[in-house]
Amino acid sequence: MKRRKGFTLLELSIVLAVIAIFTGGIFVVFRQSPRSALENASLQLRADMRYAQRRAIIDGQRIDIMLEPAHNRYRVRVVGGSWEEIRVVYFQDGVRLRGTTISGNNVEFLPRGTINGAGRIYLDNGRYSLYLTTLVSSGRVRISDTTVN
């Protein structure tokens, strides 16, 4: 009796099971948790606020961050005779800019490093929420603890 060349059904099933396990493991490693997506968005906003503050001090110009909850974004701009837009950032991964307690949704960094527009900026992703607090005298930005909704 001649033997046929090829793989048995059992061998193919084992190979497919191993591939499925590796694929599932890779998906879990690269998938970002909802909490970390929210924390990353808040860290990005805080970093942009620090950038705006440093640029205001170095350039001797007023730099503002315009928060736009309706468009789920913020804009970093140079304040002056003509508005120079430095960058526009849209929140991703289900993160939503829920609103602010800041008058006019505008945080303005002055050349001496302080700010106009102290208050809170609220972010959430449906399950978790947090807020950033801006401080007038120092121009610092603090991120609150994450809470479960």
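The values are calculated or read from the model by the stated rules, or taken from the named source; none is laboratory data. Only a predicted model underlies this, so the values are computations on that prediction, with no experimental measurement involved. Heads up, the Cβs are rebuilt from the backbone with ideal geometry, glycines too, and the neighbour counts pull from every protein chain shown.
Taken over region 16-40, the residue count meeting the criterion of being modelled with pLDDT of 70 or more and within 13 Å of the chain's Cα centre (by Cα) is 6.
Tell me the residue from 98, 75, 112, 87 that is within 17 Å of residue 133 (Cα to Cα) and either assigned to a loop (DSSP other than H, G, I, E, B) or of a type in the set (Lys, Arg) (or both), please.
98
Taking the conditions (1) farther than 25 Å from residue 37 by Cα; (2) at pLDDT below 85; (3) touching a Ser or Thr at 6+ places or on another chain (Cβ under 9 Å); (4) not hydroxyl-bearing (Ser, Thr, Tyr) in turn, residue 115 satisfies each one other than (2). The selection criterion, being more than 18 Å from the chain's Cα centre (by Cα) and not hydrophobic (A, V, I, L, M, F, W, C), holds for residue 113. In region 69-81 there is at least one residue matching the filter, namely being surrounded by 14 or more Cβ atoms within 10 Å (Cβ to Cβ) and in contact with a helix residue (DSSP H, G or I) (Cβ under 6 Å, 6 or more places away or on another chain).
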